[in-house]
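Worksheet: one structure, shown below.
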Amino acid sequence: MEFRWTMMTPKDLDEAIEHLPLAIVPAGSLEWHGPHLSTGTDFLRGDAICMGLAARIGGGVVLPPTWVAAPGFCNWRGTISFTPALVREVALELYRELEKCGFRQIVVYLSHAGSMQEESWGGAAELYREIGSADVYVTRGLARPTATAMGGGHAGPEETAQLLAAEPAAVYLDRYDPEDTLLPKYTKADGSQLDAELYSRGLSEETQAAVEKFMAREHYTWSGDLVEKVTPESAEAHMNEICDLLADEVRAWMAGESRG
């Protein structure tokens, strides 16, 4: 069964929506993920997780992953960030267009998460519920893995495992050095910090502080046993558990048991 919007003709798309009018949006990013993972980590693993979700619930249409992302590590090398105000507007227009196409339910999976991204996509969902008819559920996965837990954190064992399962060619475990903690940053031409205010437009006051905190950070703490934990076998098992948990969560929402 085909779930990818990009592989469907208009007839295929209409039939898929008739089968299950659910749109699945992987909300990723282009972002620094250490020396051992590609900058497309959130983009690639989000796509794979959403495909796994569709397979488990037996339907839905998976959109191409987005990379128009609210700030996370916006001045770390390899990262492209957009103002949260813009991301919210993109989300609102996307919800409108998906409803136009006939979708009645929309799941946004935040593979690039963080408070800024959640505020952008989730805030747009709250607003859309007042002006639109489609129901929108925004999640980064409420349940955490237990049987395959490895430890979270940005570019840590679990994200590494998910990317290894999704796209092995984007993982470079031989480049991983837990002692190399200095963060590579972009700065202005005179060597000064980029302006945190630029990346804070459209954020609440409390969330603006998170942008400043991320941009001021100089070092990153790594897991010393990441390479030992992440193997093709553990990565596959972990990805399966992540997809299973997300499918359970989405089924509950579709049944009216929770809201995003």
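Taken together, the values in this text are just the output of simple stated rules run on the coordinates, not laboratory data. Computed from a predicted structure; not experimentally measured. Here Cβ is always computed from backbone atoms with ideal geometry, including for glycine, and neighbour counts include all displayed protein chains.
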Scanning the range 49-63 residue by residue, those more than 15 Å from the chain's Cα centre (by Cα) and surrounded by fewer than 22 Cβ atoms within 10 Å (Cβ to Cβ) turn out to be A55, R56, I57, G58, G59
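Every residue in the range 21-31 that is out of contact with any Leu (no Cβ under 8 Å at 6 or more places or on another chain) and either part of a strand (DSSP E or B) or within 16 Å of M116 (Cα to Cα) (or both), please. Write out each step before concluding.
The first filter runs over the range 21-31 and keeps only residues out of contact with any Leu (no Cβ under 8 Å at 6 or more places or on another chain), leaving 21-22, 29-31.
Within the range 21-31, L22, S29, L30, E31 meet the criteria.
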Residues that are surrounded by fewer than 24 Cβ atoms within 10 Å (Cβ to Cβ) and either in contact with a Cys (Cβ under 8 Å, 6 or more places away or on another chain) or under 17 Å from F82 (Cα atoms) (or both), drawn from the range 33-48: T39, G40
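Can you say whether T6 is out of contact with any Cys (no Cβ under 6 Å at 6 or more places or on another chain), in contact (Cβ under 8 Å) with a residue 24 or more places away in the chain, of a type in the set (S, T, N, Q) and over 20 Å from V136 (Cα atoms), as far as the supplied structure shows? Before the answer, list the steps.
Numbers: out of contact with any Cys (no Cβ under 6 Å at 6 or more places or on another chain): yes; in contact (Cβ under 8 Å) with a residue 24 or more places away in the chain: yes; of a type in the set (S, T, N, Q): yes; over 20 Å from V136 (Cα atoms): yes.
In short, yes.
Without any contact (Cβ under 8 Å) to a residue 60 or more places away in the chain, assigned to a loop (DSSP other than H, G, I, E, B), of a type outside the set (K, R) and over 30 Å from E205 (Cβ atoms): is that true of G34 in this structure? First the steps, then the outcome.
Details: without any contact (Cβ under 8 Å) to a residue 60 or more places away in the chain: no; assigned to a loop (DSSP other than H, G, I, E, B): yes; of a type outside the set (K, R): yes; over 30 Å from E205 (Cβ atoms): yes.
Taking the combined requirement at face value, the residue does not satisfy it.
Looking only at the range 11-25, count every residue that is of a type outside the set (D, E, K, R) and over 19 Å from R96 (Cβ atoms) and tell me the total. Before you say what the answer is, go through the steps one by one.
Filtering the range 11-25 down to residues of a type outside the set (D, E, K, R) leaves 13, 16-17, 19-25.
Now narrow it down to the ones that are over 19 Å from R96 (Cβ atoms): 16, 19-20.
Of the residues in that region, 3 qualify.
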Residue count, the range 117-143, condition over 20 Å from L22 (Cα atoms) and touching a Gly at 6+ places or on another chain (Cβ under 8 Å), comes to 2
